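Have a look at the structure below before the remarks.
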Amino acid sequence: MSQRISLTRYLVEQQRMEGHIPSQLRLLLEVVARACKSISQAVNKGALGGVLGTAGSENVQGEVQKKLDIIANEVLIEANEWGGHLAAMASEEMDGIYVVPNRYPQGEYLLLFDPLDGSSNIDVNVSIGTIFSVLKKPEGDSGVEESDFLQAGNQQVAAGYCVYGPQTTLVLTVGDGVAMFTLDREQGSFVLTEENMRLPEDTQEFAINMSNMRHWDTPVKRYIDECLQGKEGPRGKDFNMRWIASMVADVHRILTRGGVFMYPWDKREPEKAGKLRLMYEANPMSWLIEQAGGAATNGKQRILDIQPTKLHERVSVILGSKNEVERVTRYHSPL
Ligand code: AHG
Ligand code: MN
Ligand code: MN
């Protein structure tokens, strides 16, 4: 790329040329990016910044919170509450919604986030990230309630994530393809490094936590079993495996070079639809993947068409290269 295009310029041009981004949404995305920059700084300091280890509390899902889960959550709230672009926020780390306080103007957008994805990787210095999804508050009602958030993923107006890895990269869609930005630490700004990310429709790489194999359902077992048989098996080719245990990093790899990611429903906790959360993990990632030419289902239907019934709803996730996702989904349908 001959001329460097900053995130700010990219968003201004999107607003000007495509009409995809109203000015309030542009502000929102800039603010989220700024918050990610500051989370990135905290992540980089590691032990020197006192950010490692557990906070000694649990979130609404019964998971032990790490210090960085809480720090990232606070950074995102503080950055976003005063700008006038939001009505409310929802987060993996908060039981209910966070309504913008009365002292600030209320905007028309709703922001959902997983402030720190891949918490088990924080203390071992492996890539982690932030995932976010933006919805519009339904028109008509003056206040804002949790039910306003319960919209299917196909209603998202923006979605993205930031990976804190060897590089800090922000990946974004506003419904016009997927753009990737890399943080230039000297300049302090995100610079466009890939304009139209596309993932291949075929792949020979899968991502799943194999230690759960004995708990899987038959269609998932069948798919992985066929992959493992390699050249001699029904697929007639060898497969490779990757599992980072940070969805954000696994999805980033898949957006970059293809692959299929699965965190399916399993028999450990059969009453739960899956481990991952629909509204702030699966929905934004599914939209990004679809925008880049991939697919995302829960085995039975397109994730983006699922009507959520609660904020912290869980979902079975199969996403990535189109032909593999379609195959796994086909294996789920009754003969
Ligand atoms: P979070 O850290 O936000 O709770 O999410 C962790 C998720 C996801 O990022 C990852 O794919 C998965 O949990 C890893 O789970 P396992 O440890 O069961 O492999
Ligand atoms: Mn997560
Ligand atoms: Mn998290």
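The values are calculated or read from the model by the stated rules, or taken from the named source; none is laboratory data. Here the structure is a predicted model, which is why all the values come from computation and not from measurement. A quick note on method: Cβ atoms are made from the backbone with ideal geometry, for glycine too, and the neighbour counts reach across all protein chains shown. Ligands, DNA and RNA are excluded from the accessible area calculation, which covers all protein heavy atoms including side chains. Shrake-Rupley method; radii C 1.70, N 1.55, O 1.52, S 1.80 Å.
Structure summary
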item: Among residues of the stretch 269-296, those that are open to solvent by 20 Å² or more (accessible area, probe 1.4 Å) and more than 15 Å from ligand 1 (Cβ to nearest atom), counted; result: 5
item: Among the residues listed as Ile244, Ile254, the single one being outside the structural domain of Ser119 (by TED's automatic domain parsing), under 30 Å from Ala158 (Cα atoms), within 16 Å of ligand 1 (Cβ to nearest atom) and assigned to a helix (DSSP H, G or I); result: Ile254
item: Flag if Ala245 is of a type outside the set (S, T, N, Q), within 16 Å of ligand 3 (Cβ to nearest atom) and open to solvent by 40 Å² or more (accessible area, probe 1.4 Å); result: yes
item: Lone unmet requirement of (1) among the β-branched types (Val, Ile, Thr); (2) over 26 Å from Glu186 (Cβ atoms); (3) open to solvent by 40 Å² or more (accessible area, probe 1.4 Å) for Thr8; result: (2)
item: Subset of the stretch 13-22 [surrounded by fewer than 15 Cβ atoms within 10 Å (Cβ to Cβ) and within 17 Å of Thr173 (Cβ to Cβ)]; result: Glu13, Met17, Glu18, Gly19
item: Residue that is least open to solvent (accessible area, probe 1.4 Å), among those in the stretch 297-328 that are free of Cβ contacts under 8 Å to residues at least 60 places away in the same chain and either in a loop (DSSP other than H, G, I, E, B) or not assigned by TED's automatic domain parsing to the domain that holds Asp225 (or both); result: Ser316
item: Contacts under 7 angstrom Cβ, first residue in the stretch 23-44 being under 19 Å from Ser127 (Cβ atoms), partner part of a helix (DSSP H, G or I) and open to solvent by 20 Å² or more (accessible area, probe 1.4 Å), 6 or more apart; result: Ala35/Val75; Ala35/Ala79; Ser38/Val75; Ile39/Val75; Ala42/Gly49; Ala42/Ile71
